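Report on the following structure.
The values are calculated or read from the model by the stated rules, or taken from the named source; none is laboratory data. In this text, all values refer to a predicted model and were calculated from it rather than measured experimentally. Every residue, glycine among them, receives a Cβ derived from its backbone with ideal geometry; neighbour counts consider all protein chains shown. Calculation scope for accessible area: heavy atoms of the full protein, side chains included, ligands and nucleic acids excluded. Shrake-Rupley method; radii C 1.70, N 1.55, O 1.52, S 1.80 Å.
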Amino acid sequence: MSATGFLILLIVTIALLMVLIMKVKLHPTFALFTSALFMGLVLGRFETEGFSFTEVLNLITSGFGSTLGSMGIPIMLGAILAMGVQDTGAAKSIANFFIKLFRGKNLELAPSLTAYIVSIPVFGDITTILTSNIANVLSKRKHISMGKMAAFTQTGLNLTHAMVPPTPGILAVSILLGADLGLVIGWGVVISLIAFLLTWLVLRKWTDKEFVEPVPEVVAEIEETSSNDVKDILITGDDLPGTFASFLTILIPVILIAGSSFINMAVAEDAPIRAYTAIFGDKVVALGLGVIYTMLLAVFHKASVRKSNKDVSGKDPENFREVVLNSWIARGLAVALPALLITGMGGALATVIKAAPAINDLAGLIEKSGVPGLLIPFLIGAIMFTAVGSMTTGGMTAAGVVGPMMATLGLTPISTVLAIGAGTMIFNHVNNSGFWVISRFFNLDLKQGFKYITLPDAVAGVFCFILICGAAAVGLF
């Protein structure tokens, strides 16, 4: 198969995937499986080497298994950690920190930066739920439009979701492309935070033009205040953990993973400390320690944890250990299962794509086209996210397409991973479940969803890509 023929097949496969998800309403897991099977069978018919039906199935199952082998446990631990962040009230304490930091001004930054931090280890939909109550309360208290709250809260959330491991999508892309996880975390934080601040500066006046009311049921007992006293604005609770203790639920895994990479860069290969960083910097160990810490934190805030768990699950076990050792895990696994299956099948499709000999010819064709190298992963990430509505699926598929081209295009793993992540910020719209979750919890209709979700994300994604190009141009990665 020629490079042009393979490109046509790739476009048709992506179109099939989009139709199956958007029109047929097939679950993304089986839409990815069907697309991978289709591509493999066509390759088997037209490639010189060819693939038999059994070989195609073996490619799919090996890709699925290898992806879950590296991603399964981190995703499950991240989901369990999310339950702990929710039940202990850590998210509320983090929000209060930002309220105090900004002295009651620019309060849209409180839920936004909370979402930016919480979304690093916590799934997007859960982060939306965690921060939406904060946004609704502050919206009512200080008469701030929910459009403004939504624009920056979901931008902060999606930036770290797209750019900073151990969020499943960017974690999977990093592993698939062989990028140093700690460096991806470090540069992902720097670039996404700058992009967030630039987006906020550019759009903050525009978001004031329309007032969107908060969700009535959430703010039924909240009174508006004209006071600028921070004490009158803080989110109160009977059993909230301290600020530092709350931040540690998220910072422990991030610091361990990132710190390990930076230490390995700074010390000699035979340094004894490398033996410890290899253990504590492992993503499973780091996330596991975060979970253990959060469970210990729960012991000191039993009332808050019991109430939150009962509100979510409808159950209130007599033995408190059952809440953290059973309910958290059960709830976390229920959340993790779709992400696990989609991530695994995304790896299967990526494996089929990489198995095609013509992909090397396609890389050469793209190189000769004169299109800047970094633009390729950015555009493919954007196209895939636009098509399938999932950062994880879009990023995984983009990694499968771009991975074999990296050497030909002169791309480093870190710059490629970050460019794909930036691309998955582009055109967040109705085929993304998160679009509807944000719209619902921030009281937006469809038109407002496009204004306050799609547009800010696209602006932030473009800023990220510009920053990545600048950093790559001066040789930072």
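Observations, loosely collected:
- Reported count of residues in region 88-108, each being part of a helix (DSSP H, G or I) and in contact with a helix residue (DSSP H, G or I) (Cβ under 6 Å, 6 or more places away or on another chain), is 10.
- Residues satisfying the criterion are present in region 11-34 (criterion: among the polar types (S, T, N, Q), surrounded by 15 or more Cβ atoms within 10 Å (Cβ to Cβ) and more than 30 Å from Leu181 (Cβ to Cβ)).
- Selected residue (criterion: farthest from the chain's Cα centre (by Cα)) from residues of region 369-394 that are part of a helix (DSSP H, G or I), under 19 Å from Thr416 (Cα atoms) and at pLDDT below 80: Ser369
- Conditions (1) modelled with pLDDT of 80 or more; (2) open to solvent by 10 Å² or more (accessible area, probe 1.4 Å): number failed by Pro168: (1)
- In region 217-234, residue least open to solvent (accessible area, probe 1.4 Å) [restricted to those that are modelled with pLDDT under 75 and of a type outside the set (Asp, Glu)]: Val219
- Within region 318-345, tally of residues that are surrounded by fewer than 16 Cβ atoms within 10 Å (Cβ to Cβ) and either charged (D, E, K, R) or more than 24 Å from the chain's Cα centre (by Cα) (or both): 7
- Taking region 71-115 as the range and being over 17 Å from the mean Cα position of the chain (by Cα) and more than 30 Å from Leu203 (Cβ to Cβ) as the test, the residues that pass are Gly84, Asp87, Thr88, Gly89.
- For region 282-297, the set of residues classified as among the β-branched types (Val, Ile, Thr) and open to solvent by 60 Å² or more (accessible area, probe 1.4 Å) consists of Ile292 only.
- Against the test of being at pLDDT 80 or above and loosely packed, with under 13 Cβ neighbours inside 10 Å, the options Ile252, Ile273, Ile279 yield a single qualifying residue, Ile279.
- Filter pass, Leu455 being more than 14 Å from the chain's Cα centre (by Cα) and open to solvent by 30 Å² or more (accessible area, probe 1.4 Å): yes
- Among the residues here, Phe300 does not qualify as more than 23 Å from Trp187 (Cβ to Cβ), within 29 Å of the chain's Cα centre (by Cα) and open to solvent by 60 Å² or more (accessible area, probe 1.4 Å).
- Selection of region 399-444 for residues being open to solvent by less than 20 Å² (accessible area, probe 1.4 Å), at pLDDT below 85 and either in a helix (DSSP H, G or I) or touching a strand residue (DSSP E or B) at 6+ places or on another chain (Cβ under 8 Å) (or both) yields Gly400, Val401, Met405, Gly434, Phe435.
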